[in-house]
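Okay, so here's the structure we're looking at.
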Amino acid sequence: MSVPIRPRINLDSDSARPVFAQICAAIREDVTSGRLAAGARLPTTRALAADLDVAVNTVAKAYRELELEGVLEGRGRHGTYVMDLADTAAKRETVRFVATMRNLGMTRGETLALVRRAWS
């Protein structure tokens, strides 16, 4: 398993911008600048939250948002990874769709059944 790479995140407590949005912006910047390469593993939400001295749910919200945008990919217990932004639109949309289904509480089987019905 690869060693997690910590994004460069400097939170501004005086900012009107929510903390989760500051985390998103910092990770996006690290990805687009190439500091965080495609396939890089990020710290767990718990580890990054402890490092930043914020609530775990704050980091989890930022990771979820970036998953929906196609910047990150959550792989369950295997971690959260940087997506290849040059990858196909189909893969990005699939990741976004799966994240949405998970957020709705859908299981893999239920989601696949919905796709099969919609494809018909």
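None of the figures in this text is laboratory data; all of them are computed from the coordinates on show. Small disclaimer: the values here were computed from a predicted structure and weren't measured. Cβ atoms come from the backbone with ideal geometry, glycine included; neighbour counts cover every protein chain shown.
Take the alpha-carbon centre of the range 56-114, take the same for the range 4-55, and report the distance between them in whole Å.
17 Å
Grab the DSSP H runs of the chain that are 4 residues or longer, score each as -39,500 (n - 2.57), total them, divide by all residues and round the 222 nm result to the nearest 500 deg cm²/dmol. Please report the intermediate quantities before stating the final value.
Working: 5 runs with 63 residues, N = 120.
Theoretical 222 nm ellipticity from helices: -16500 deg cm²/dmol.
Please list the non-local residues whose amide H lies under 5 Å from the amide H of residue 42, H modeled 1.01 Å from N, same-chain partners needing a gap of 5 or more.
5, 80, 81, 82
Explain nothing, just compute: Karplus ³J(HN,Hα) = 6.51 cos²θ - 1.76 cosθ + 1.60, θ = phi - 60°, for every residue of the range 23-35 in order, whole Hz, x for Gly and Pro.
5, 4, 4, 5, 5, 4, 4, 5, 6, 5, 7, x, 4
Name the residues whose placed amide hydrogens come within less than 5 Å of the amide hydrogen of residue 72, ignoring near sequence neighbours (fewer than 5 apart) on the same chain.
67, 83
Using only Cα atoms, tell me the angle between helix 108-119 and the longest principal axis of the chain; keep it within 0 to 90° and round to the nearest 10.
That helix lies at roughly 60 degrees to the long axis.
Which cross-chain or sequence-distant (5 or more) residues have an amide H under 5 Å from the amide H of residue 9, H modelled 1.01 Å from N in plane?
none
With N set to the number of residues, divide the alpha-carbon radius of gyration of the chain by 2.2 N^0.38 Å and report two decimals.
Details: Rg = 15.3 Å, N = 120, 2.2 N^0.38 = 13.6 Å.
Here the answer is 1.12, to two decimals.
Taking the Cα-to-Cβ direction at residue 112 and at residue 13 and moving 7 Å from each Cα, how far apart do the two end points lie in nm?
4.9 nm
Whole-Hz Karplus ³J(HN,Hα) for the range 40-49, in order, using 6.51 cos²θ - 1.76 cosθ + 1.60 and θ = phi - 60°, x for Gly and Pro?
Whole-Hz 3J(HN,Hα) from phi for the range 40-49: 5, 8, 8, x, 4, 4, 5, 5, 5, 4.
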